[in-house]
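The values are calculated or read from the model by the stated rules, or taken from the named source; none is laboratory data. As the structure is a computational prediction, the values presented were derived from the model and not from experiment. Backbone-built Cβ (ideal geometry, glycine too); neighbour counts: all protein chains shown. The protein model used for the area step is the full one, side chains on, heavy atoms only, and it has no ligands, DNA or RNA in it. Shrake-Rupley method; radii C 1.70, N 1.55, O 1.52, S 1.80 Å.
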Amino acid sequence: MTSAPHQPASKPARRAVIAAAGATGLAVALTACGSDDDSSAASSDPSSAAGTEESSGASTGGTSGGDAGSGGGTEVAKTSDIPEGGGKVFADQKMVVTQPTAGEFKAFSSTCTHQGCAVKSIKDGVINCPCHNSNFSITDGSVKSGPAPKPLPAMQITVDGESIKMA
């Protein structure tokens with residue numbers, strides 16, 4: 001009489017283990033890419049590149065050219081905080097404030113329209129998303145390059161003296 005070879009009864013197939021590992025890796029990558037929650041706490045130190053700043057402080061959006069009168073709204077920055085020809089990212093408020101030309105302030109959502117990543121920097125007149133290299137104009141939020149399908153949505157701000165406020 002011959003006996004059957006001994007095999008463990010509940011050992012998963014090698015292909016099943018590899019497929020599960022691949023699916024888990026894909027899920028992690030998609031979650032990280034599509035999340036607009038910036039849990040990595042942005043640095044409070046401004047970037048050393050000219051015209052580029054990041055902050056976890058307050059922020060606003062929209063357009064304003066000069067004084068909009070004294071009005072309500074929470075102050076998010078001083079006009080001197082926003083470099084001419086550049087801008088500043090306010091991670092906690094998910095907003096970007098730019099100054100395309102002297103005295104002209106604009107604000108946009110900091111959430112990239114490609115897959116919801118947060119934009120991180122402004123350099124050479126362009127708002128940059130690090131996830132897939134989408135780039136947006138500091139003047140109107142339009143797509144300059146990358147896979148983003150739409151411009152960054154404008155947000156409303158007012159300028160009252162030296163104070164930039166949410167409208």
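Couple of notes before you dig in:
- Scanning region 123-150 for residues that are within 13 Å of residue 96 (Cβ to Cβ), touching a Gly at 6+ places or on another chain (Cβ under 9 Å) and open to solvent by 70 Å² or more (accessible area, probe 1.4 Å) yields one hit, 123.
- Options 143, 126, 96: the member that is among the β-branched types (Val, Ile, Thr) and within 21 Å of residue 74 (Cβ to Cβ): 96
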